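Visitor: Mind looking over this structure? Questions follow.
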Amino acid sequence: MLGLKLPTDPRWANLAEKSLEDILTDHAYCEQKAATSCISLIQQFPDKEEMVKELAPIVTEEWGHFRLVLAELEKRGLKLGRQRKDEYVNELLKFQQRGGSREGRLVDRLLMCALIEARSCERFRLLSLNISEDVLKEFYHKFMVAEAGHYRLFIDLAKLYGEEEKVNARWQAYLDYEAEIMNKLELRGDRMH
């Protein structure tokens, strides 16, 4: 369903479980950045009424997810660590369209958001299936479901504002590029991506 070309190495979930404080910290910041990205899209494209209407509740939902992860850290006596550089997202940003039309740049941003949500969904699925603690399995399953919906929304919005054929071609290019990134990045259990 997600179209990812290179699945995450299943060992990642085991590494993440061993670095629970780190993975929860990184997860919290990912949720915060997702909310911020939606706010940024709304600020830069307020004329895209359907997008604004669809993303406004996502901002609230993502911020709620941030708070849920903070609560999970606190419940476990763990601390929110410092935000780290997200090599995955930084590599994706290199592929993002810079010139061209305003609509083209919007579509590219929406596709990048879709890709990040797709990879997050896939990672949350791995955690929900492989982590040993039942409470965390359920915790991550809920995030997996939410990310799947966000992924779908961003794809639908890209198709709303771009020509479907061009959007599909660009999406495939993003998927190919993302597979190259995943192939190069070190397998680390302290990062969501």
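The values are calculated or read from the model by the stated rules, or taken from the named source; none is laboratory data. Source: prediction; values computed, not measured. Cβ sites come from the backbone with ideal geometry, for glycine too, and all protein chains shown count toward neighbours.
Visitor: Suppose we filter segment 106-155 for residues that are outside any helix (DSSP H, G or I) and either at positive phi or touching a helix residue (DSSP H, G or I) at 6+ places or on another chain (Cβ under 7 Å) (or both); how many remain?
Guide: So the first thing to find is which residues in segment 106-155 are outside any helix (DSSP H, G or I), and the list is 131-133.
This time we only want the ones that are either at positive phi or touching a helix residue (DSSP H, G or I) at 6+ places or on another chain (Cβ under 7 Å) (or both), so: 131-132.
The qualifying residues number 2.
To keep it simple, each residue is scored yes or no on (1) buried (at least 16 other Cβ atoms within 10 Å of the Cβ); (2) under 19 Å from the mean Cα position of the chain (by Cα).
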site	(1), (2)
Lys5	no, yes
Ser37	yes, yes
Ile42	yes, yes
Glu50	no, no
Ile58	yes, yes
Gln83	no, yes
Tyr88	yes, yes
Glu91	yes, yes
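Visitor: A further question on this structure: Mind telling me which of the residues Leu93, Leu78 ends up being more than 30 Å from Val135 (Cβ to Cβ) and free of Cβ contacts under 8 Å to residues at least 60 places away in the same chain?
Guide: Details: Leu78 fails: more than 30 Å from Val135 (Cβ to Cβ).
One residue alone meets the criteria, Leu93.
Visitor: Further question on the same structure: Evaluate segment 177-186: report whether one residue or more is without any contact (Cβ under 8 Å) to a residue 24 or more places away in the chain and among the acidic types (Asp, Glu).
Guide: yes
Visitor: Next question, about the same structure. Tyr161 fails exactly one of the following numbered conditions: (1) more than 27 Å from His65 (Cα to Cα); (2) free of Cβ contacts under 8 Å to residues at least 12 places away in the same chain. What is the number of that condition?
Guide: (2)
Visitor: Select from segment 103-132 the residues that are free of Cβ contacts under 8 Å to residues at least 40 places away in the same chain and surrounded by fewer than 19 Cβ atoms within 10 Å (Cβ to Cβ) and list them in ascending order. Can you show your working first?
Guide: Pass one, segment 103-132, residues free of Cβ contacts under 8 Å to residues at least 40 places away in the same chain: 105, 124-125, 128.
The answer is Arg105, and nothing else.
Visitor: Here's a follow-up. Does Ala173 qualify as being under 21 Å from Gln96 (Cβ atoms) and modelled with pLDDT of 95 or more? It would help to see each step written out before you state the result.
Guide: Numbers: under 21 Å from Gln96 (Cβ atoms): yes; modelled with pLDDT of 95 or more: yes.
Considered against the rule, which asks whether it is under 21 Å from Gln96 (Cβ atoms) and modelled with pLDDT of 95 or more, Ala173 comes out as yes.
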